[in-house]
1. Enumerate the pairs (first residue in region 70-89 and more than 14 Å from residue 106 (Cβ to Cβ); second residue anywhere and assigned to a helix (DSSP H, G or I) and of a type in the set (A, V, I, L, M)) with beta-carbon separation below 8 Å, excluding pairs fewer than 6 apart on the same chain, so at least 6 apart or on different chains.
2. Of all residues being in contact with a Ser or Thr (Cβ under 9 Å, 6 or more places away or on another chain) and part of a helix (DSSP H, G or I) in region 1-43, which is farthest from residue 94 (Cα to Cα)? Just the residue, please.
3. Tell me, please, whether a residue that is modelled with pLDDT of 95 or more and either among the aromatic types (Phe, Trp, Tyr) or more than 14 Å from the chain's Cα centre (by Cα) (or both) can be found in region 77-90.
4. Restricting to region 45-60, count the residues that are without any contact (Cβ under 8 Å) to a residue 40 or more places away in the chain and farther than 11 Å from residue 33 by Cα.
5. Quick check on residue 6: is it exposed (fewer than 15 other Cβ atoms within 10 Å of the Cβ) and out of contact with any helix residue (DSSP H, G or I) (no Cβ under 9 Å at 6 or more places or on another chain)?
Amino acid sequence: MTHDFKAQQAETFETFVEIGKIEDLPKRAVVNFLFLAEEVDAPFAAAAKALKAAGFQTALDEDGETLEARTGEMEISAAAIWAEEKRATEIALKFGFDPDGWELVE
């Protein structure tokens, strides 16, 4: 099954608008992307290594099923977030991790 990047992009832009209605968005911040393992024995170390090579900082979430990929401080706009989310998603999908949202880290 192929990943629906258009639907993911639409969700990212919609989420950005909704967050902006609730709070003032910073001009710059760190963005943390979340990727949920499809399998219990997913290759967390290999996925983390590939994401790190692409410039992301990685961590395994407390649940043990979610891989986090953080950007450095970046411009905060829907288009900028989507560009980084797409890059991270393309990597994560190769290792059996599905995108599971993003959050701003100030």
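1. Short answer, once both residue conditions are applied: 78/17; 88/51.
2. The selected residue is 16.
3. In the first step, residues of region 77-90 are kept if they are modelled with pLDDT of 95 or more; the result is 77-90.
Now restrict to residues that are either among the aromatic types (Phe, Trp, Tyr) or more than 14 Å from the chain's Cα centre (by Cα) (or both): 77, 82.
The answer is yes; a qualifying residue exists.
4. Qualifying residue count, region 45-60: 8.
5. Details: exposed (fewer than 15 other Cβ atoms within 10 Å of the Cβ): yes; out of contact with any helix residue (DSSP H, G or I) (no Cβ under 9 Å at 6 or more places or on another chain): yes.
When the stated conditions are applied, residue 6 passes them.
The values are calculated or read from the model by the stated rules, or taken from the named source; none is laboratory data. Computed from a prediction, not measured in an experiment: that's the story for all the values here. Reconstructed Cβ throughout: ideal geometry from the backbone, glycine too, with neighbour counts over all protein chains shown.
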